[in-house]
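So the structure is just underneath, and the comments pick up after that.
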Amino acid sequence: MPSAATLAEDELGAPPQKPLSKGTEEWKLHEPAEVIDPKDADTPDSWIPRHEAILRLTGRHPLNCEPPMNLLMDRGFITPVSLHLVRNHGAAPKLNWKTHRVEINGLVDKPISLTMDEIVKFPSITVPVTVTCAGNRRKEENMIKKSIGFNWGPCATSCTYWTGVRLCDVLKHVGVYGPDKGANFVCFRGPKGELPKGEDGSYGTSLSLAHAMDPSNDVMLAYKQNGRWLVPDHGFPVRMIIPGFIGGRMVKFLSEITVTKEESNNFYHYHDNRVLPPHVDEALAKSEGWWFKPEYIINELNINSAIARPWHDEVVYLDQNKPYTMSGYAYSGGGRFIIRVEVSVDDGKTWRQCTIHRFEKPNPYGKYWCWVFWELTVDTFDFTQCKEVLLRSWDSSQNGQPAYITWNVMGMMNNCYFRMPVHPYTDAKGNIGLRFQHPAPIEVGELGSIGWREEQNIKDQAIKAASAPVVAVPKVEASKNDEAKKTFTMAEVEKHTEDDSVWFVHNGKVYDGTPFLEDHPGGADSILIVGGTDATVEFDEIHSADAKLQLKDYYIGDLVE
């Protein structure tokens with residue numbers, strides 16, 4: 001039986017580790033899964049045990065997930081590895097400690113190929129770092145207008161201890177050149193052939209050499225998380241950790257480091273992790289070359305915060321005026337720290353200062369890499385004075401959160417006020433209370449409610465549909481050939497898995513996704529990864545009713561045994 005606690009040494013060739021004893025403090029830092037989730041059973045990741053509570057955001061495969069808010073906050077400052085957010089662009093590669101190499105080349109004096117045993121011999125550091133996807137809270141943006149990214153809720157953030165070797169030490173070891181010799185950037189990539197896009201199918205990006213060589217930035221090649229070897233979903237055997245940056249710059253399954261004059265030319269470096277102006281949609285970004293404008297790249301995290309309590313669909317009863325403790329998290333990037341968190345319970349007329357719980361000490365250079373938790377105790381009757389509860393925060397550079405949301409084509413870096421409407425509520429026994437509604441949670445609430453931005457989206461779509469002019473559709477006589485339905489076997493479907501012809505099955509019908517590769521909001525990878533398979537489960541878990549209606553345009557026949 002596979003166990004996440006011993007996967008690295010049992011199957012991937014890593015050196016032995018001290019066994020974990022269930023219930024110990026060390027075990028709590030990992031909460032290792034002991035079984036294969038049935039959702040993974042027939043995917044390329046069927047060898048990786050995963051926590052049953054994670055919220056899967058892109059169907060069964062690839063794994064992109066966040067933890068439920070109650071578990072994320074309940075576990076405290078350090079997130080168990082098994083509950084840490086995961087962003088995978090494809091299957092987690094099954095790399096072996098003994099054979100894996102990190103190639104270091106480019107503008108260096110001594111190009112080298114490092115084994116894992118050689119990497120762990122460098123002086124190491126251990127640093128707590130909050131890792132956050134730039135798409136945190138993206139679902140709120142997708143409820144305004146669909147971006148090209150999938151829905152992240154407010155939990156695309158986690159915090160763990162990372163152990164590794166400083167990048168600056170490795171670069172000094174190979175005799176890195178300086179700007180006087182044309183060295184300006186450090187490029188990173190994962191395994192070649194891992195992904196369908198780009199010249200070599202790798203995921204890659206870059207960092208300025210100045211940032212990489214500054215020891216105050218704690219940039220590292222990490223091989224441990226919470227004191228143990230990395231698990232596959234977090235980049236085994238080695239990955240980049242760039243504290244204060246978005247997760248998309250922290251390349252997993254690190255395979256090559258190249259010092260260059262220009263920034264990375266990797267496909268994903270240019271077509272991911274950018275915030276373009278709100279008037280730029282995907283078509284305009286392509287036609288006018290917005291992806292290649294350097295000023296729109298995202299590196300450092302922006303300031304953000306969220307409410308954990310009251311949670312979505314939570315009810316606070318008004319039988320008496322009693323204390324209630326609100327709580328949540330806040331974070332910023334670039335080594336800045338949170339200086340204040342404020343809540344308004346009178347629709348923004350006044351703001352109350354929250355108590356901030358700091359868990360980390362600054363590094364020797366005065367920089368902070370971790371989130372904070374906040375609390376505010378109010379009287380329950382205070383909630384009757386507002387239509388919505390508001391949350392905002394500031395960091396040490398006086399960066400604050402904007403009051404209102406701004407849409408962008410990638411749905412990234414949403415950090416507007418966290419707005420939580422308050423609704424009157426009466427339960428089945430006649431008890432009177434208030435129900436709280438979050439903007440766009442991943443799960444439906446205990447009372448069956450969706451987020452308020454989701455409700456608004458439904459209303460907007462209904463108004464749009466009702467306002468649209470009625471167009472008579474001319475009747476087209478079907479020929480005998482049209483009426484004869486085509487049929488395909490699964491063996492025939494399985495032959496169509498490439499970007500020149502990709503088929504999939506949904507509810508017993510066969511569809512050709514090839515014409516939609518460039519237009520799919522989640523990118524072509526979302527279709528290619530299910531090419532040649534029955535994608536019913538993946539499709540139904542992440543697509544709207546509108547998307548299901550669009551399937552008819554790509555129908556080519558029925559599946560037969």
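The values are calculated or read from the model by the stated rules, or taken from the named source; none is laboratory data. Since the model is a prediction, treat every value here as computed from it, not as a measurement. Positions of Cβ are backbone-derived with ideal geometry, glycine not excepted, and every protein chain shown enters the neighbour counts. With ligands, DNA and RNA removed, areas are computed over all heavy atoms of the protein, side chains included. Shrake-Rupley method; radii C 1.70, N 1.55, O 1.52, S 1.80 Å.
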(message) What distance in nm lies between label points placed 7 Å from Cα along the C-beta direction at Ser46 and Lys181?
(response) 5.0
(message) What does the net charge come to around Gly433 if you take all other residues with beta carbon closer than 13 Å to its beta carbon, with K and R at +1 and D and E at -1?
(response) -1
(message) Below 11 angstrom from the Cβ of Gly13, what's the summed charge of the other residues (Lys, Arg +1; Asp, Glu -1)?
(response) -2
(request) Go through Lys110/Lys181; Lys39/Lys94; Lys197/Lys224 and tell me which ones have a Cα-Cα distance over 22 Å in this structure. (result) Lys197/Lys224
(request) Quote to one decimal, in nm, the extra length available between Ile339 and His357 on full extension: 0.36 nm per residue of separation minus the C-alpha distance between them. (result) 5.4 nm
(request) Please calculate the 1.4 Å probe accessible area of Met420, with all protein chains present, and give it to the nearest 10 Å². (result) 0
(message) How large is the accessible surface of Asp233 in square angstrom, using a 1.4 angstrom probe and rounding to the nearest 10?
(response) 10
(request) Just grab the label-to-label distance for Asp10 and Phe292, each label 7 Å out from Cα along the Cβ direction, in nm (one decimal). (result) 4.9
(message) Looking at the chain only, what percent of DSSP beta bridges run antiparallel? Nearest 5 please.
(response) 90
(request) Give me the accessible area per residue for the chain, probe 1.4 Å, as a whole number in Å². (result) 45
(message) How big is the dipole moment of region 424-472 about its Cα centre under a simple scheme where the beta carbon of each Lys and Arg is +1, that of each Asp and Glu is -1, and everything else is neutral? Debye, nearest 20, please.
(response) 160
(message) Ignoring everything except DSSP H segments at least 4 long, calculate the 222 nm mean residue ellipticity for the chain; use -39,500 (n - 2.57) per segment, divide by total residues, nearest 500.
(response) -3500 deg cm²/dmol
(request) Express in Å², to the nearest 10, the accessible area of Tyr161 obtained by rolling a 1.4 Å probe over the protein heavy atoms while all chains stay in place. (result) 80
(message) Quick check: with the 1.4 Å probe, what order do Ser305, Ser397 take by accessible area, largest first?
(response) Ser397, Ser305
(request) Compare the Cα positions of Thr260, Phe292, Tyr425 along the charge dipole of the chain (+1 at Cβ of Lys, Arg; -1 at Cβ of Asp, Glu; about the Cα centre) and return the one farthest towards the positive end. (result) Thr260
(message) Kirkwood hydrodynamic radius, region 16-109, all distinct C-alpha pairs: what's the number in Å?
(response) 15.5
(request) Pop out the carbon and sulfur fraction of the accessible area of the chain as a percent, whole number, probe 1.4 Å. (result) 53
(request) State to the nearest 20 debye the size of the charge dipole of region 328-388 about its Cα centre, where the only charges are +1 on K and R beta carbons and -1 on D and E beta carbons. (result) 440
(request) Could you calculate the FRET efficiency of Thr377 with Ala283 from 1/(1 + (r/R0)^6), where r is the beta carbon distance between them and R0 is 41 Å, rounded to 0.05? (result) 0.25
(message) Please enumerate, by chain and number, the lysines with C-alpha under 24 Å from the C-alpha of Lys429, excluding those fewer than 8 residues away in the same chain.
(response) Lys322
(request) Using the Cα centre as the reference, give the magnitude of the dipole from point charges on the C-beta atoms of the chain (Lys, Arg: +1; Asp, Glu: -1; all else neutral), rounded to the nearest 20 debye. (result) 1420
(request) Would you list, by chain and number, the lysines whose Cα falls below 21 Å from the Cα of Lys485, excluding same-chain residues fewer than 8 positions away? (result) Lys475, Lys495, Lys509, Lys548, Lys552
(request) List, in order, the whole-Hz ³J(HN,Hα) value for each residue of region 273-289 obtained from phi through the Karplus relation with A = 6.51, B = -1.76, C = 1.60 and θ = phi - 60°; use x for Gly and Pro. (result) 6, 9, 10, 9, x, x, 7, 8, 9, 4, 5, 5, 4, 6, 5, 9, x
(message) Tell me the net charge near Val176. Cut-off is 10 Å between Cβ atoms, Val176 excluded, with +1 for each Lys or Arg and -1 for each Asp or Glu.
(response) +2
